[in-house]
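See below for the structure under consideration.
Each value in this text was obtained by applying a stated rule to the coordinates, not by laboratory testing. Since the structure is predicted, the reported quantities are computational estimates derived from the model, not experimental observations. With ideal geometry, Cβ positions are generated from the backbone for all residues, glycine too; neighbour counts draw on all protein chains shown.
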Amino acid sequence: MKRFFIHGWSFSSQIWKRFYKKEDTLLDLPFHGENKEYSLENTLDRFSKEIFSLIEKQNSDVCLIGWSLGASVSVLVTLRKPKNLKKIVLVGFSPKFKDKKLGHNPVAVKAFMMALKVDFKDTIYTFRKTAAGDTFKNIPLPEKEGSIRLLNEFINLDLTKEIENIDIETILIHGKQDKIISPFGSIYANQHIKGSKLLLVDSHHAPFLTHADIFSKEISL
């Protein structure tokens, strides 16, 4: 089984480097990392279609691992039902980010979007520190206009009904102290994805960094 990794907003595929094996595929979100050139229209839909096609071309079963916005992309891919996708691991997932209980307070989200337009660099660095600490401050910044539009698509995404159609092995990992996405997002998903497994750990938004042993066990093939 091959593993595909999708990182969270504002970071890049470098976030997974401690878990990377040569047979893995690390994907950069649109406007991030090595994927800076991308369409501004229907970005999430377009990107999920591309990953679907990539998985369909594999000669082996696939496990898709997504963090935060990358977890939502993973769900969008899963709902397209690629024939050899057998397992998904969703880290810090919310089926509806713009929701005080399931994701983040809409008032704070609006303020964050305004701050990005005023001071993109410092706002991202503050966000990264809250999400994953200072370790990844040196990851190159995403492209400004595209990444803001991608984030806006994510903010307006609502998967609360669609996740009931997921019918493959699903692992949900979420930090109990997550300040970016409420752990109730994963709790809700666990209640609505049949047969899913939920792991709540003593961590913030990046439990794969603070609890690498637990994460490694769940993504081992």
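Listing for the model above:
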quantity: Pairwise FRET efficiency - Asn156 versus Gln191, Cβ, R0 = 22 Å, nearest 0.05; calculated: 0.45
quantity: Coil-residue GluC sites (Glu not before Pro) of region 14-101, DSSP, other Cβ within 10 Å capped at 12; calculated: Glu23, Glu34, Glu37, Glu41
quantity: Tail beyond 13 Å, pair distance distribution of region 23-76 (Cα, percent); calculated: 62 percent
quantity: Trypsin sites (Lys or Arg not before Pro) restricted to DSSP loop in region 111-148 with at most 12 other C-beta within 10 Å; calculated: Lys137
quantity: Computed lengthening from Phe112 to Asp24, 0.36 nm per intervening residue step minus Cα-Cα distance; calculated: 28.3 nm
quantity: Per-q log10 I(q)/I(0), region 16-146, q = 0.14, 0.17 Å⁻¹ (Debye; single scatterer per alpha-carbon; no solvent); calculated: -0.75, -1.11
quantity: Convex hull (Cα only) mean projected area of region 70-221, reported in nm² to one decimal; calculated: 9.1 nm²
quantity: Modelled FRET efficiency - R0 35 Å, Asn105 with Asn42, Cβ distances, 0.05 increments; calculated: 0.85
quantity: Selected from Leu64, Leu198, Leu116 as most flexible by GNM, with the chain as the system and alpha-carbon contacts under 10 Å; calculated: Leu116
quantity: Calculated FRET efficiency for the pair Asp134/Ile168, C-beta based, R₀ 41 Å, to 0.05; calculated: 0.70
quantity: The chain: relative contact order in percent, alpha carbon pairs under 8 Å with at least 6 residues between; calculated: 23 percent
quantity: GNM result for the chain, Cα springs below 10 Å: residue of Val89, Val107, Val201 fluctuating most strongly; calculated: Val107
quantity: Axial C-alpha extent at least 15 Å, average Kyte-Doolittle at least 0.0 - helices from the chain (DSSP); calculated: 43-56, 69-79, 106-118
